[in-house]
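The values are calculated or read from the model by the stated rules, or taken from the named source; none is laboratory data. Keep in mind that this is a model prediction, so the values were computed, not measured. Neighbour counts run over all protein chains shown; Cβ positions are idealised from the backbone, glycine included.
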Amino acid sequence: MRSGIVYLVGSGPGDPDLLTVKALRLMQTADVVLYDRLVSQDILDLIPKGVSRIMVGKESGHHCVPQQEINRLLIKLAKNNRTVVRLKGGDPYIFGRGSEEALALRQAGIEFEVIPGITSAAGCSAYAGIPLTHRGMSRSVQFITGHLRDNEPLDVDWEKLTDAQTTLVIYMGLANLELICHSLIKAGLASDTPAAAVQNATSRNQQRVVSTLKDLTTAVHHSGLQAPVIIIIGKVVSLAYELDWFSSAVDQLEQEHKFDEIVSA
């Protein structure tokens, strides 16, 4: 690896087995890793002890480190001939603000590379048993942010999101879930459209709520889901139970773990 370079790396939705080979190699050979709040502990555990770590995570309503400060830190480290991995949950260029950091690096004359990661929408849907597209149900997908910076009101053309043949995937929409569901129904999307919310996707403590558009807010409230949550709306959600493979896999792992504990006791 060259020094004085920044790698904008997507770490995927949380399961370390979903890291790309290149992402893992860069994490293990960098001088310093700057990571977000949504990067899972299992992935952080793959960083060698000799590599410096800096947590710059952001969450709704509270920014641990302002974006401009993150940009300045990346530039400073690279100018000091450090090889820097900027580790992000999901993919750097899908609601990850990776392009903002890339622009700041380019303007400062800093060399950088972008290493894509499995975006949360793809990982979440696959592990929740929900295909993003399915013949006869969904012919397109829209990725939408449910939260704007500085808690600004959502400014969305809801009528453009009411195609019954489109799957909607909403990032960071938990806080505005009631508004989102109400606005989509008001704009013309059928209230009985299947809808789901998935917390901690791809991890052993993944939880999902499957409901309808009109009942999703209540179902999520009763379930106690907390961020990070991905919301999926569309006919494809109706396949969630039939195509659920992950719950069975987790149950099997837990049974094997309990058996190992009994044998070793």
Item to complete: State whether one or more residues within region 141-161 are at pLDDT 95 or above, over 13 Å from the mean Cα position of the chain (by Cα) and either among the small types (G, A, S) or buried (at least 20 other Cβ atoms within 10 Å of the Cβ) (or both).
Response: no
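Please find, among V85, V56, the residue that is without any contact (Cβ under 8 Å) to a residue 60 or more places away in the chain and more than 23 Å from S125 (Cα to Cα).
Working: V85 fails: without any contact (Cβ under 8 Å) to a residue 60 or more places away in the chain.
After ruling out the rest, the residue left standing is V56.
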Worksheet item: For region 32-40, does any single residue satisfy the condition of being surrounded by 17 or more Cβ atoms within 10 Å (Cβ to Cβ), aromatic (F, W, Y), within 12 Å of G89 (Cβ to Cβ) and at pLDDT 95 or above?
Response: yes
Item to complete: Can you give me the number of residues within region 207-223 that are assigned to a loop (DSSP other than H, G, I, E, B) and either among the aliphatic types (A, V, I, L, M) or modelled with pLDDT under 95 (or both)?
Response: 1
Worksheet, complete the sentence: Looking across region 213-236 at residues that are in contact (Cβ under 8 Å) with a residue 60 or more places away in the chain and farther than 20 Å from T133 by Cα, the single one that is surrounded by the most Cβ atoms within 10 Å (Cβ to Cβ) is P228
Item to complete: Could you tell me which residue of region 84-114 is farthest from S203 (Cα to Cα), considering only residues that are among the aliphatic types (A, V, I, L, M) and crowded, with 24+ Cβ neighbours inside 10 Å?
Response: V84
Item to complete: Would you check which residues across region 112-146 are over 20 Å from Q199 (Cα atoms) and touching a Gly at 6+ places or on another chain (Cβ under 7 Å) and list them?
Response: V114, I115, P116, S138
